[in-house]
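Remarks on the structure that follows.
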Amino acid sequence: MSSRRVLKAANAIRQVVSTAILTELRDPRVKNVTVTGVEVSADMRQARVLVSVMGDEKSQNRSIEGLQNAAGFLQARIGERIETRYIPKLEFKLDSGVKNSIAVARILDEVLPQEKAAHDEPPDDAQQDAKQTVEDGRQGQSANRPSDADQPPDLAAAD
């Protein structure tokens, strides 16, 4: 179970690392990198930085290699900006969650438009039945409401 202190440290490390990658890192291999999360060990000596890299597998591997080579530089930035007893050793890992969600969205786009098109254009008989059902529902609602004549007489007014 993660303590609040570890979670706060993970969030701070994520902010420092993502800012440093975006503004200070000059490695040409590191392109289109997004820091998606950080997992810090309980003793705060190790941190796994989860990154998402846009591009093919070759560019992803190059970016991870560039980040591993820049780990010392990023650790120094963490040491400058976060006051902790230990500066965690950084390990970069590719986060496939974003890639998986894009793949699922693509599959849903392929499947859903076909179903949606089938539901959008019902046959004429079905369309007439649906309109009739709506009309019947509206008439039934007004028929179920009690009118003023159906109300019992006010007992207080009778006195």
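The table that follows gives values for the structure above.
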| read-out | value |
| --- | --- |
| Those residues of the stretch 54-91 which are more than 11 Å from Val17 (Cα to Cα) and in contact with a strand residue (DSSP E or B) (Cβ under 7 Å, 6 or more places away or on another chain), in sequence order | Ser59, Gln60, Ser63, Ile64, Gln68, Pro88, Lys89, Glu91 |
| Among (1) touching a helix residue (DSSP H, G or I) at 6+ places or on another chain (Cβ under 9 Å); (2) exposed (fewer than 14 other Cβ atoms within 10 Å of the Cβ), the one test that Arg5 misses | (1) |
| Failed condition for Met44, given (1) surrounded by fewer than 19 Cβ atoms within 10 Å (Cβ to Cβ); (2) of a type in the set (A, V, I, L, M, F, W, C); (3) in a helix (DSSP H, G or I); (4) free of Cβ contacts under 8 Å to residues at least 60 places away in the same chain | (3) |
| Candidate set: the stretch 58-90, residues that are in a helix (DSSP H, G or I) and among the charged types (D, E, K, R); chosen: the one surrounded by the fewest Cβ atoms within 10 Å (Cβ to Cβ) | Lys58 |
| Filter result for the condition that a residue is assigned to a loop (DSSP other than H, G, I, E, B), among the β-branched types (Val, Ile, Thr) and touching a strand residue (DSSP E or B) at 6+ places or on another chain (Cβ under 9 Å), over Val51, Val30, Val35 | Val30 |
| Qualifying residue in the stretch 11-27 (condition: modelled with pLDDT under 95, more than 13 Å from Glu91 (Cβ to Cβ), surrounded by 15 or more Cβ atoms within 10 Å (Cβ to Cβ) and among the basic types (Lys, Arg)) | no |
| Test: residue in the stretch 52-69 that is closer than 20 Å to Ile87 by Cα, touching a Leu at 6+ places or on another chain (Cβ under 8 Å) and of a type in the set (Val, Ile, Thr) | no |
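For (1) out of contact with any Phe, Trp or Tyr (no Cβ under 9 Å at 6 or more places or on another chain); (2) not basic (Lys, Arg), each residue gets a yes or a no:
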residue: Ala20; (1), (2): no, yes
residue: Thr23; (1), (2): yes, yes
residue: Pro28; (1), (2): yes, yes
residue: Arg45; (1), (2): no, no
residue: Arg48; (1), (2): no, no
residue: Ser52; (1), (2): yes, yes
residue: Lys58; (1), (2): yes, no
residue: Arg85; (1), (2): yes, no
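The values are calculated or read from the model by the stated rules, or taken from the named source; none is laboratory data. Small disclaimer: the values here were computed from a predicted structure and weren't measured. With ideal geometry, Cβ positions are generated from the backbone for all residues, glycine too; neighbour counts draw on all protein chains shown.
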